[in-house]
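Enquirer: Below you will find the structure I want to go over with you.
The values are calculated or read from the model by the stated rules, or taken from the named source; none is laboratory data. These numbers come from a predicted model, not from an experiment. Cβ sites come from the backbone with ideal geometry, for glycine too, and all protein chains shown count toward neighbours. For the accessible areas, the whole protein counts, side chains as well, though only heavy atoms, and no ligand, DNA or RNA atoms are used. Shrake-Rupley method; radii C 1.70, N 1.55, O 1.52, S 1.80 Å.
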Amino acid sequence: MFKRGFWAFGLAILAAACSPSSHEPQSKLVGKNPVIPAPEKNWFPTLNFSTARGWPKGAMPQAPAGFVVTKFAGGLDHPRWLYQLPDGDILVAESTTEPPPPKSIADRVAIWLQRNSDANGKSANRITLLRDTKGKGVADTRWTFLSGLHQPFGMLLLGDKFYVGDTDGLMRFTYKPGAVTIDSKGRKILALPQGGYNNHWTRNVFANADGTKLYVTVGSGSNVGEHGAANEFHRADILEVNPDGSGLRILASGLRNPNGLGYEPTTHALWTVVNERDMLGNDLTPDYLTHVVDGGFYGWPYSYWGRHVDTRVAPQRPDLVAKAITPDYSLGSHVAPLGLAFYDGTAFPASYRGGAFIGEHGSWNRKPFSGYKVVFVPFKNGEPSGDPQDFLTGFMPADQSGIAYGRPVGVIVAKDSSLLVADDVGNCIWRVAAK
């Protein structure tokens, strides 16, 4: 893979005002058969960072008619991911980017922009347990469930073992039913390549149907492999391991940054959402939702959306491009899908049953902005059956001023069939319920 210094990235940031603003209508970029435009060839890429502000007093996201939005929990510290325990308690991973010491001016600029966009600071590195003791849709009690972690993200309870996806490893702890805190010392059962400020640090954890295998998502360490092949070992993959950390193998590869995982309720196939590559223009390349093929290769870094070759990568690998799987469904360019939850509740109208809710964290390199919302993708017979529908919006003002009141990340369906959404800029969790 080709190597390129950070200076080009730094110069591109300083020249953001010169970036192009042409773009295809978003309707052409989504769905099963998106229009794949030619890559833009510009000296400077589009850079369009948002500024994190948090929600003005009294403001909140908006949902479609027939739904009501309330704040389930506030006062959190960069809540990223959600997990529900069997008794209905909600766990939230509070963590953010922890940049390594900068080595260049470009590194310093990148760190500053990341903090400005996400309101980042020192990571809380904890998991908080939230409980609604009165059944009113508000978390009125909370405990520190786990602390001293290293950028925790994914969470999973399997029997009496609780798993956490830290950025540098899969941790396992002993869990007692009903516990509101874990005091026992955990053990790292699988080492993972550590993320930093300029690559993907989130590690989701998921189990197969019978609990005999664990899946761990690991994003790439670069845009298109510019730091060398060795830097990408066990990256851009969904890994599979046994519950004790043994038996490591790659379930699927060529996925630049997979995050959310879920089982489609009709076919029980595993699906994921993926953040694709940057610096090819406003409309390339599509972020996507796709089912996961065991042993499948999805193109990164050699190609995108199937067999569209990325000419920036050297040496080329036509043998791998020939095997690249075209994703099932485009979510649009640079929307940054992270959260994924198939709706298995009963409270929402029938049209939502079995469909997928997706938390789109939002773009930093597209004009106009894209993402910054939760969308719903309807499913029929185990496959997406229509365009993505806006479900929870208002995280960014409609005037495209670049202010971000919030940025959605993790989404889950709660035991009462409501939808919970982690907002890592608003520092809260939103609850969407049917009226």
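Enquirer: If R0 is 30 Å, what FRET efficiency do you get for residue 138 and residue 399 from their C-beta distance, rounded to 0.05?
Expert: 0.45
Enquirer: Further, regarding this structure: Less than 13 Å Cβ to Cβ from residue 169, Lys/Arg counted +1 and Asp/Glu -1: what total charge do the surrounding residues give?
Expert: Net charge in that neighbourhood comes out at +2.
Enquirer: Rounded to the nearest 0.05, what FRET efficiency is calculated for residue 188 and residue 293 with R0 set to 30 Å and r the Cβ-Cβ distance?
Expert: After rounding, the FRET efficiency stands at 0.55.
Enquirer: Amide H to amide H under 5 Å from residue 72: which residues, 5+ apart in sequence or cross-chain, H placed 1.01 Å off N in plane?
Expert: Here 429, 430, 431 satisfy the definition.
Enquirer: While we're on this one: Extending each Cα 7 Å along its Cβ direction at residue 87 and residue 417, get the distance between those two points in nm, one decimal.
Expert: 2.5
Enquirer: When the accessible area of the stretch 149-213 is split by element with a 1.4 Å probe, what percent falls to carbon and sulfur?
Expert: C and S fraction of accessible area: 51 percent.
Enquirer: Calculate, for the stretch 217-341, the solvent-accessible area per residue in square angstrom, rolling a 1.4 angstrom probe over the heavy atoms of the protein chains.
Expert: Per residue, the stretch 217-341 has an accessible area of 29 Å².
Enquirer: Arranged from highest to lowest average of other beta-carbon atoms within 10 Å per residue, in what order do the peptides 258-265, 394-401 appear?
Expert: Most protected by this proxy first, the peptides run 258-265, 394-401.
Enquirer: Report the local net charge at residue 379: Lys and Arg +1, Asp and Glu -1, summed over other residues whose C-beta lies under 14 Å from its C-beta.
Expert: Result for the local shell: -2.
Enquirer: First measure r as the distance between the Cβ atoms of residue 249 and residue 62, then evaluate 1/(1 + (r/R0)^6) with R0 = 45 Å and state the FRET efficiency to the nearest 0.05.
Expert: Approximately 0.55, to the nearest 0.05.
Enquirer: Name the shape class, rounded, prolate or oblate, that the alpha-carbon gyration tensor gives for the stretch 271-422, where a ≥ b ≥ c are the square roots of its eigenvalues, rounded holds for a/c under 1.5, and otherwise prolate holds if a/b is larger than b/c and oblate otherwise.
Expert: Since a/c reaches 1.5 but b/c is at least a/b, the shape of the stretch 271-422 is classed as oblate.
Enquirer: For the stretch 355-435, report the accessible area per residue in Å² (1.4 Å probe, heavy atoms, rounded to an integer).
Expert: Solvent-accessible surface per residue comes out at 29 Å².
Enquirer: Let me ask something additional. What figure, in Å² to the nearest 10, do you get for the accessible area of residue 190 with a 1.4 Å probe and non-protein molecules left out?
Expert: 20
Enquirer: What number do you get for the chain when its Cα radius of gyration is normalised by 2.2 N^0.38 Å, N = residues?
Expert: 0.92
Enquirer: For the chain, what is the calculated [θ] at 222 nm in deg cm²/dmol (nearest 500), taking -39500 (n - 2.57) for each run of four or more DSSP H residues and dividing by its residue count?
Expert: Value at 222 nm, helices only, nearest 500: -2000 deg cm²/dmol.
Enquirer: Step through the table entries 71/415; 161/188; 136/185; 71/161, compare each Cα-Cα distance with 23 Å, and write down the pairs that go over it.
Expert: Pairs exceeding 23 Å: 136/185; 71/161.
Enquirer: Mind checking which of 351, 333, 363 has the largest fluctuation in a GNM of the chain, springs on alpha carbons under 10 Å?
Expert: So, out of 351, 333, 363, the one fluctuating most is 351.
Enquirer: Now for a different question. So what are the radius of gyration and Dmax for the Cα set of the stretch 131-237, in Å?
Expert: Cα-based Rg and Dmax for the stretch 131-237 come out at 16.3, 54 Å.
Enquirer: Rounded if a/c is under 1.5, else prolate if a/b is larger than b/c, else oblate: which is the stretch 269-337, with a ≥ b ≥ c the root eigenvalues of its Cα gyration tensor?
Expert: oblate
Enquirer: Here is a further query. Pick from 359, 295, 245: which residue has the top mean-square fluctuation in a GNM of the chain where Cα pairs under 10 Å get a spring?
Expert: 295
Enquirer: In percent, what relative contact order does the chain have, based on Cα pairs under 8 Å that are 6 or more apart in sequence?
Expert: Contact order relative to length: 19 percent.
Enquirer: Separate question: What's the whole-number percent of alpha carbon pairs in the stretch 394-435 lying beyond 12 angstrom?
Expert: 61
Enquirer: First select every other residue whose beta carbon is under 13 angstrom from the beta carbon of residue 433; then total the charges, Lys and Arg +1, Asp and Glu -1.
Expert: Around residue 433, the charge tally is +3.
Enquirer: Roughly speaking, to the nearest percent, how much of the stretch 343-395's 1.4 Å accessible area is carbon and sulfur?
Expert: 43
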